[in-house]
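Notes to accompany the following structure.
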Amino acid sequence: MIDKIKTLLNEVNGFNASSLQDVEQFRIKMLSKKGEISALFEEFRNVPVEQKKEVGLKLNELKNAANEKISMLKTALETSGSGKSETDLFLPAESMKLGTRHPISVVRNQIIEIFNRLGFVISEGPEIEDDWHVFSALNFPEEHPARDMQDTFFIEKSPDVLLRTHTSSVQVRVMENEKPPIRTISPGRVFRNEAISARAHCIFHQVEGLYIDENVSFADLKQTLMYFAKEMFGENTQIRLRPSYFPFTEPSAEVDISCNLCGGKGCNMCKHTGWVEIMGCGMVDPNVLEECKIDSKKYTGFAFGMGIERITILKYQIKDIRLFFENDVRFLKQFESAL
Ligand code: PHE
């Protein structure tokens, strides 16, 4: 009997299983009522008294070893999840969670893409500028309020170093360095000394456009803006131009689109007018062309400028401009599909 116990003990020690089923079968084979170990306990009754102690010890040792082995294999297989001890190399990899693009980047890319299709190329320039590129070259009179401390963040007063208040400064740099025809858009971050609220921020983003060539007319401007509005806000979008004033354009206009929320019927977003403002525009003032050494008798041009935050707010009905700067993932995650 001692030999039988030893053989079984070896079998228990050498046993391994690749599934929970194997373990269960092993348990039945060894420990169930009709199992081999149970059979040995039956036999144990007939063991002579003088051997009972030795055989009993060995038998218990075997039973404990079997129990331990079974529970060890069970936990190992259960925690490995699939119930298989080998890795299935053909399982598809778990998909990696990608981050999402910031809504401002999403919409900036959309704007750039639309104007690229019309042949506009991107130009970029510094955020820290001088008075000439932000104001003087753009025909701002000496006493214009935009130059005031209330609007502009000055870094130094003389020589003047300031944070650009619009990306029209980039277009001055383009006009200074390139010959017409010029067809460019300048996306970028701008700064204005404004109190932060749900509707305004001291940092925001713009895309400004400039087109200079012979015979560029207001009709070209209008057609370009109409194309943009329909591409950005949908085929049924209407545009409306209201006369306005900018020092660097003449004539100037403010561009409205038919409210994309109510379709022009009137709602809270458009303050029940059916129209929402999206940008400023106009024909480049000949003074600006001359300041940049472009012959204003030969060339004309149009310019426009919009805030990316404003376009994004209208497009996605966002209630508060501050959300763009807080980087709350619950907000950002909603733009997951808007790549
Ligand atoms: N630069 C103007 C602004 O920042 C926008 C604009 C650009 C208006 C070009 C007219 C023409 O508000």
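The values are calculated or read from the model by the stated rules, or taken from the named source; none is laboratory data. All of these numbers come straight from a predicted model, not from anything done at the bench. Counting neighbours? That spans all protein chains shown, and the Cβs are built from the backbone with ideal geometry, glycine included. Each accessible area value is taken on the protein alone, full model and side chains, heavy atoms only, with ligands, DNA and RNA left out. Shrake-Rupley method; radii C 1.70, N 1.55, O 1.52, S 1.80 Å.
Let me spell it out: the conditions are (1) more than 16 Å from the ligand (Cβ to nearest atom); (2) open to solvent by 30 Å² or more (accessible area, probe 1.4 Å); (3) aliphatic (A, V, I, L, M), and Leu241 meets all of them except one. Which number is the exception?
Just one mismatch for Leu241, condition (1).
Give me a count of the residues in the stretch 186-217 that are within 21 Å of Asp295 (Cα to Cα) and touching a strand residue (DSSP E or B) at 6+ places or on another chain (Cβ under 6 Å).
Step one: of the stretch 186-217, the residues within 21 Å of Asp295 (Cα to Cα) are 209-217.
Going one step further and asking which of them are touching a strand residue (DSSP E or B) at 6+ places or on another chain (Cβ under 6 Å), we end up with 209-212, 216.
Residues flagged as within 21 Å of Asp295 (Cα to Cα) and touching a strand residue (DSSP E or B) at 6+ places or on another chain (Cβ under 6 Å) within the stretch 186-217 amount to 5.
Confirm whether Ile122 is touching an Asp or Glu at 6+ places or on another chain (Cβ under 8 Å), among the aliphatic types (A, V, I, L, M) and under 19 Å from Gly307 (Cα atoms).
Answer is no for this residue.
Looking at the stretch 262-317, which of its residues are away from the ligand (no atom under 14 Å from the Cβ) and within 19 Å of Val207 (Cβ to Cβ)?
Val276, Thr312, Ile313, Leu314, Lys315, Tyr316
Just one of the numbered conditions (1) within 16 Å of the ligand (Cβ to nearest atom); (2) open to solvent by 10 Å² or more (accessible area, probe 1.4 Å) is not true of Asn177; which one?
Condition (1) is where Asn177 drops out.
Pick from the stretch 152-171 the residues that are part of a loop (DSSP other than H, G, I, E, B) and away from the ligand (no atom under 11 Å from the Cβ): which of them is least open to solvent (accessible area, probe 1.4 Å)?
Within the stretch 152-171, the subset part of a loop (DSSP other than H, G, I, E, B) is 152-153, 157-160, 164-167.
Now narrow it down to the ones that are away from the ligand (no atom under 11 Å from the Cβ): 152-153, 157-160.
Details: Thr152: 1, Phe153: 62, Lys157: 132, Ser158: 103, Pro159: 93, Asp160: 58 Å².
Once the filter is applied, the top-ranked residue is Thr152.
Go through the stretch 122-172 and give me each residue that's more than 36 Å from the chain's Cα centre (by Cα) and in contact (Cβ under 8 Å) with a residue 24 or more places away in the chain.
Selection gives Ser136, Ala137, Asn139, Phe140, Pro141, His144, Pro159, Asp160.
If Phe246 passes every condition in (1) open to solvent by 30 Å² or more (accessible area, probe 1.4 Å); (2) away from the ligand (no atom under 16 Å from the Cβ); (3) at pLDDT below 95; (4) of a type outside the set (Asp, Glu) but one, which one does it miss?
Looking at each condition in turn, Phe246 falls short on (2).
Pick from Gly125, Gly119: which is touching a Gly at 6+ places or on another chain (Cβ under 8 Å), farther than 15 Å from Glu291 by Cα and of a type in the set (Gly, Ala, Ser)? Let's see the steps before the verdict.
Values: Gly119 fails: touching a Gly at 6+ places or on another chain (Cβ under 8 Å).
Unique residue meeting the criteria: Gly125.
Condition first: within 15 Å of Phe140 (Cβ to Cβ), within 30 Å of the chain's Cα centre (by Cα) and of a type in the set (Val, Ile, Thr). Now tell me which residues in the stretch 275-294 satisfy that.
Once the filter is applied, which keeps residues that are within 15 Å of Phe140 (Cβ to Cβ), within 30 Å of the chain's Cα centre (by Cα) and of a type in the set (Val, Ile, Thr), the stretch 275-294 yields nothing.
Would you check if Ile196 is away from the ligand (no atom under 16 Å from the Cβ), open to solvent by 10 Å² or more (accessible area, probe 1.4 Å) and either of a type in the set (Gly, Ala, Ser) or in a loop (DSSP other than H, G, I, E, B) (or both)? Before you say what the answer is, go through the steps one by one.
Numbers: away from the ligand (no atom under 16 Å from the Cβ): yes; open to solvent by 10 Å² or more (accessible area, probe 1.4 Å): yes; either of a type in the set (Gly, Ala, Ser) or in a loop (DSSP other than H, G, I, E, B) (or both): yes.
It is true that Ile196 is away from the ligand (no atom under 16 Å from the Cβ), open to solvent by 10 Å² or more (accessible area, probe 1.4 Å) and either of a type in the set (Gly, Ala, Ser) or in a loop (DSSP other than H, G, I, E, B) (or both).
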